[in-house]
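Novice: Below you'll find the structure I mean.
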Amino acid sequence: MGLIDVKKSIFNLTRQIIRRGETFSIIINAHDQYGRQRVRGGDFLFATLTSTDSSIVGKVIDFNNGTYEVIFFAAWTGITKINIILVHTFEALHFLKTVLWPMEKRVFWTGTFAHNNDSEVTLCEVKSVGTWDNKCEFPEPGALGGNTLLCEKPKTLPCSSLVTLTSKDSGVDVKAAIFNQLREKHADIFLQNVSYVQFANGPKQLIIQESEVKWIREAKNIRDVISMRPCGPDLPLPLSDGFWSGKKWNSFACDTKRWTAGQVKKCLRGKHVFFTGDSTTRQWADELLRILGLKPTTYSRFHTQLHNGIINFQFRFHKYWLGSVKECVHDGQFESDLLDNLTSSDCEYIVVISPWAHYCQWTRISFTERLLYIKSAIKRFRARCPDAPVIIKTSHPQFHGYGGIIPMSSNGMLFEFRRMLQEIFSGMGLHFIDIWAMNLAYPLPNEVHMPVQVIHEELQMFFTHVCNN
């Protein structure tokens, strides 16, 4: 059995007449390069519909036998383009999850030690298994459990003099010898002709007709005639997350409202709002302050703070980030530490947590353990402040270019991180802002930092979750 071949595979609509307000399906039959029906599933696919100013993501159902069903909601009328894209073969994704993800020696930093006028640089890594000797140890048992930052000891300076970390090439990145060996053995992961390619054997477009139902036909926006649940904690995943219409995201996850600056100020007045995460969460912080028309009292790439009579707000970058900018070891903050420090008796807190982007290169064991320690900290916080909303912002797709050059932050893995967040934190009374489909459906390429219009619409969902009550 060969790899799935988009030139041999076939997809078709299950019916030809489709009307606005209806759900319909596309069936995909996967074939290999010899034209044979695939007998296993697991291929990672994207499916979208796009028109002149509207777009939506389809829900892919995998029957694990080479057949897939994509469920779409017809949210508008007119000529609509069908896009079915192979992102990863099953074999590629299986390799990423079972070979690369468990592999140690994948995250490295250069640690700078400084005291008076002396400084030294050594190699640092996070280690979760094994033994070691003669290392500088920086354990974070309350945040990372058994994962420990280790640095080679400097020749003259003490371990306590560590001041900055700067991430460097990992053991499986594009410059490392081990990566080249893996690339030769598993070329299907990296070759353009089997990743991020569109299925060709099927209809290129469809025509969505107007509904025959009068009250649907008269509705300007289909969302206006759909009964949706209020936004709240632990919502079930919808069949369709929503659709873009122009610059507006129409959510089906829950009854999202449109919020003005005045309404947001009223909602957040007297609250202590904490955002913790990466640079995509910093985008939330920047856009929130822009909406409110307020300037922070403290601002940097890693720490934003505002305290006035309207809002008490703080954004903190998590510790041990990946990037070329030096991290002061005293700047970042782990989520569990932030939560444990929230001890005010009035419990007027709103907390946003987004724990994923800079941890793509961690092993599965390390990443899972980190999430479980965040979960424990949330439980402690909720025991003190049961009514304070805690929001989990999920991962979103990022297109790195053809060939999947950054394998562990490829979209198949980012989707797995999203699944892990939902699995580990479900049933805890938390609010999920699931931005995957919104970002995937956006008509421009999925960048790490999406345009401000997307961030604005994400915040509209956030406001609805925390301001409705």
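Novice: Looking only at region 255-272, count how many residues are without any contact (Cβ under 8 Å) to a residue 40 or more places away in the chain and within 24 Å of the chain's Cα centre (by Cα).
Specialist: Of the residues in that region, 0 qualify.
Novice: Quick one: which residue in Ile378, Ile310, Ile350, Ile365 is assigned to a helix (DSSP H, G or I) and touching a Leu at 6+ places or on another chain (Cβ under 9 Å)?
Specialist: Answer to the check: Ile378.
Novice: Take region 231-246 and flag every residue that is of a type in the set (D, E, K, R) and farther than 14 Å from Ala437 by Cβ.
Specialist: Asp234
Residues checked against (1) touching a Leu at 6+ places or on another chain (Cβ under 8 Å); (2) buried (at least 19 other Cβ atoms within 10 Å of the Cβ); (3) hydrophobic (A, V, I, L, M, F, W, C):
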site: Ala383; (1), (2), (3): no, no, yes
site: Ile391; (1), (2), (3): yes, yes, yes
site: Pro407; (1), (2), (3): yes, yes, no
site: Asn411; (1), (2), (3): no, yes, no
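Novice: When both residues are 6+ apart or on different chains and their Cβ atoms are under 7 Å apart, which pairs have a first residue that lies in region 48-68 and is farther than 22 Å from Lys8 by Cα, and a second that is open to solvent by 60 Å² or more (accessible area, probe 1.4 Å) and aliphatic (A, V, I, L, M)?
Specialist: Every condition considered, the pairs that remain are Ser51/Ile79; Lys59/Leu239.
Novice: Going residue by residue through region 229-239, is there one that turns out to be in contact (Cβ under 8 Å) with a residue 12 or more places away in the chain, under 30 Å from Ile61 (Cβ atoms), part of a helix (DSSP H, G or I) and in contact with a Lys or Arg (Cβ under 9 Å, 6 or more places away or on another chain)?
Specialist: No, region 229-239 contains no residue that is in contact (Cβ under 8 Å) with a residue 12 or more places away in the chain, under 30 Å from Ile61 (Cβ atoms), part of a helix (DSSP H, G or I) and in contact with a Lys or Arg (Cβ under 9 Å, 6 or more places away or on another chain).
Novice: Out of all the residues in region 442-469, which are assigned to a loop (DSSP other than H, G, I, E, B) and buried (at least 21 other Cβ atoms within 10 Å of the Cβ)?
Specialist: Of everything in region 442-469, those that are assigned to a loop (DSSP other than H, G, I, E, B) and buried (at least 21 other Cβ atoms within 10 Å of the Cβ) turn out to be Tyr442, Met450.
Novice: Looking at (1) touching a Ser or Thr at 6+ places or on another chain (Cβ under 8 Å); (2) assigned to a helix (DSSP H, G or I); (3) open to solvent by less than 30 Å² (accessible area, probe 1.4 Å), which is the only condition Asn439 fails?
Specialist: In the conditions (1) touching a Ser or Thr at 6+ places or on another chain (Cβ under 8 Å); (2) assigned to a helix (DSSP H, G or I); (3) open to solvent by less than 30 Å² (accessible area, probe 1.4 Å), Asn439 misses (1) alone.
Novice: Is there a residue being charged (D, E, K, R), open to solvent by less than 60 Å² (accessible area, probe 1.4 Å) and in a strand (DSSP E or B) anywhere in region 146-155?
Specialist: no
Novice: Identify all residues within region 208-229 that are over 23 Å from Lys257 (Cβ atoms) and of a type outside the set (A, V, I, L, M, F, W, C); write none if there are none.
Specialist: Correct list: Gln209, Glu210, Ser211, Glu212, Lys214, Arg217.
Novice: Separate question: With the structure loaded, tell me whether Thr112 is out of contact with any Pro (no Cβ under 7 Å at 6 or more places or on another chain) and either modelled with pLDDT of 90 or more or assigned to a strand (DSSP E or B) (or both) or whether it fails that test.
Specialist: Working: out of contact with any Pro (no Cβ under 7 Å at 6 or more places or on another chain): yes; either modelled with pLDDT of 90 or more or assigned to a strand (DSSP E or B) (or both): yes.
Yes; evaluated as a whole, the condition is true for this residue.
The values are calculated or read from the model by the stated rules, or taken from the named source; none is laboratory data. What you see is a predicted model; the values in this text were computed from it and never measured. No Cβ is skipped: glycine too gets one built from the backbone with ideal geometry, and neighbour counts run over all protein chains shown. Just the protein is used for accessible areas: all its heavy atoms, side chains included, with ligands, DNA and RNA removed. Shrake-Rupley method; radii C 1.70, N 1.55, O 1.52, S 1.80 Å.
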